[in-house]
Every structure is written in structure tokens, then in C-alpha cells.
Amino acid sequence: MDEILLAQGLIILLSSFVHSVLGFGFPLLATPLLSIFVTIKEAVLLTLFPNLVVNSNIIRRSSSFGLLWKEYKLLVISLVIGSFFGTNLLIVFYSDYYKLLLALITLLYLNKTHINFSLENMIKNNPKVMMALFGFTSGVIGGLVNVMLPVLIIYILELGLTREKSFAIMNFCFFASKLTQVIVFGVHGNFTLEFGLIVIPIVLISLIGLYLGNKVRHKLDENLYKKILIATLWILSFYLIVNTFSM
């Protein structure tokens, strides 16, 4: 039992550290690793509040809620709407092939130079429309396969944002998404006193990981960060393909 608790603590520490350095990765690492010891639903529940803490801290250090809301509220609102739509679509028309669709879209983007396709001009000429479209698409994809990161990364790469701005926008979207999940789980009565006693030390461990990651993240330059984003898209694409056909 003690070994299991230690392993879970190390998973939270590692996940929050990686998220602090890259601006993403906490649920991506923590959820599947924790699901080795608990159910997927329990893993999602255990990571909700640490996620919110990590997201809010990264937003605070990179920008501010007020400035982000003023500039990107359309992205977040459309993301939340898309999330509700995608979740309902998943419930009514469930299919494992939704993950394959996301993988194919991501691979098309990664090979855009070979197919003479670019989103940059479309975003520049129609910034509000494209912001709403990317937000809604991120939400729908997140609702369908619980992975909205590829769509957000594509949007950030096309905008050509700095690392700190990328951190802030991604975590603002993550925060809105997780807050929506907290509301849904709360309505269904999933939060109890026992759950609170379990999640408090998890939140504290995530803060330690966040602090440690913050100490090394400045060593990550802009060019290397963009390469990591592109590499992440490749890895997620192949993971989604393999995961679809292994079900």
C-alpha cells in the first residue's frame, strides 16, 4: 500500500514538473499512469484540482486572467461550447475512430508544406472567426477523445506566439475545460469529504513539481520549444492511431 502511494506521489510530481517546464503535460502523463492503480474515472477525478492549481499558477506567472480573457475570451467560450457538444456527441454516437480522425487531421497539418496548405493567412485575415473555429474544434475534439492539445498547438504555431504567451493561452483553455469538468462531476455528486482528504496532499505535491519545473524552464529557448511542440504532435498522432486499432 505504501509503495502504491509513493508511486502515485511520484507520478503527480513528475507530471506537474513536466507541465511547469513545457506548459502542458499534466493530464497527458498523470491520467494514464494513475490508471495503472485506479480506474480512469478516479484518475480523472484525482487530477482535476491539481490541474486547476497548476494551470492557474502558470497563467499567473505568464500573463493574467484579466488580460487573457480580454484578448482570448472568444477562444475559451467557443471551446466550452464545443466541449459540451463533443461530450454529447460521444454519448449519443460513440466510436473509437474519433481518435483516428484527430490523428489524420494532425498529420495533414504536419505535412502542410508537401500539400501546399497554410492556415496562417486565414488566421490573419479572419482572426475572430478562426479563433472561434479553433476554440470550438478544440472543445469538440476534447469532448470526443479527451485530447484537445493537438488543435491548440496547431493554433499556437500558426499564430507564431512566444513561449510565455503560448503557456498562458494553453493553460487558460485547460483551466476552462477542467473547470467545466469540475462542475459536471460536482452535479453528479462525485466530491465527498473523503475525496477532499485524498486530493489535498496531491495538490501539495503538484505545487512542489510546479516549483521545481519553474526553476529550469527558463533554459528552454524559443526554437527548442517550437521543436518540442511539433514533436509532441507527431507522437500524439501515432499514439492515437495505435490506440485506435488496439482497442
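A few remarks follow.
- Percent of Cα-Cα distances greater than 21 Å, calculated over the stretch 49-180: 41 percent
- Folded to 0 to 90 degrees: helix 98-110 orientation relative to the chain principal axis, Cα: 50 degrees
- Unit Cα scatterers, Debye sum, the stretch 125-247: log10 I(q)/I(0) for q = 0.15, 0.16, 0.21 Å⁻¹: -0.96, -1.06, -1.32
- Mean projected area in nm² (Cα convex hull; one quarter of hull surface) for the stretch 2-245: 13.7 nm²
- Ranked packing of 217-223, 100-106, 158-164, 139-145, most packed first, by mean Cβ within 10 Å: 139-145, 100-106, 158-164, 217-223
- Relative contact order of the stretch 2-245, defined on C-alpha pairs under 8 angstrom at six or more residues apart (%): 37 percent
- A straight chain from Asn121 to Val216 at 0.36 nm per residue would run longer than the Cα-Cα distance by 30.7 nm.
- Cut-off 15 Å between beta-carbons: net charge of the residues surrounding Val151, Lys and Arg +1, Asp and Glu -1: +1
- Descending semi-axes in Å of the stretch 1-86, equivalent ellipsoid built from Cα gyration tensor: 28, 17, 9
- Shown is the FRET efficiency for Leu89 and Trp69, computed with R0 = 35 Å from the Cβ-Cβ distance and rounded to the nearest 0.05: 0.80.
- Per-residue HN-Hα couplings for the stretch 78-89 [Karplus 6.51, -1.76, 1.60; θ = phi - 60°; Hz; x = Gly/Pro]: 5, 5, 5, 4, x, 5, 5, 5, x, 5, 5, 5
- For the stretch 2-245, a simple Cβ point-charge model (Lys and Arg +1, Asp and Glu -1, everything else neutral) yields a dipole of about 720 debye relative to the Cα centre.
The numbers here are math on the coordinates, done by the rules we state, and not lab data. On a predicted model such as this, the values are computed, not experimentally measured, just so you know. Virtual Cβ from ideal backbone geometry, glycine too; neighbours counted across all protein chains shown.
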